[in-house]
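Worksheet: the structure to be examined is printed underneath.
Bear in mind these aren't lab numbers, they're just calculated from the coordinates by the rules spelled out. Predicted model only: the values in this text are computed from it and were never measured. So basically every Cβ, Gly included, is an ideal-geometry build from the backbone, and we count neighbours across all protein chains shown.
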Amino acid sequence: MNIEQVEHALSPSTCVELEVRKVWKMARNCTMSPRQFLLSYCSLVVVSLSVAGMCAALGDWAVMPFAIAELLLIAVLFLLYTRHAADYDRIELSSDRLLIEQVDGPHIERYEFNPHWTRVSLQDALNPKIEVRYAGQCLLVGSHVPAHRRALIVTELCRSLSGVTAVSLRDPEVGRSSALFGK
């Protein structure tokens, strides 16, 4: 492929950039970042090993194994905490797509839906999650935010989805059939 072909392939007429209308990011409310937690753990190690070292210097060696066991247990719990501290669900709405990104530890999953055919509701359960339904699929999101915020997000998301559909139906460049049948 020569330079002219590359320039043509990247011309504005061939590149379609989606206009992002709204983004919702639903993340945990962590009081400490993983870095702050690490600094706290390091200070705990220094204090605990200092006390255990003073006890060992005075002849009480039984304290040192317990201090080490305590620090190892806390290190394991720290790793479990940091693995999921940055988990989130992200919903991005544009005129042509509804993109949902779910981050759970090291796993990242992305789903793309047509916003004209997508339905959003709140589950009927004790701790309801947000249901995003499209083409027979049901995706649950919002597990990282409190239940009262989920209800607000569902209301706002439904309003935004109906706004996307209404704009598509009124847009003269978009025909009736393309707006109703997902282009």
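Each residue in ASP89, ASP124, ASP104, ASP96 was given a count of other beta-carbon atoms within 10 angstrom of its own, and listing them fewest first yields ASP124, ASP104, ASP96, ASP89. Listed by Cβ neighbour count within 10 Å, with the fewest neighbours leading, TRP24, TRP61, TRP117 appear as TRP61, TRP117, TRP24.
The tail of the calculated P(r) for segment 34-84, taken as Cα-Cα distances beyond 15 Å, holds 48 percent of the pairs.
Note on VAL23 and SER94: the extension gain reaches 24.7 nm, defined as 0.36 nm multiplied by sequence separation minus the Cα-Cα distance. Multiplying the residue separation of VAL45 and MET32 by 0.36 nm and removing their Cα-Cα distance gives an extension gain of 2.9 nm. Extension gain for THR155-ARG133 works out to 6.4 nm (0.36 nm per residue, less the C-alpha to C-alpha distance).
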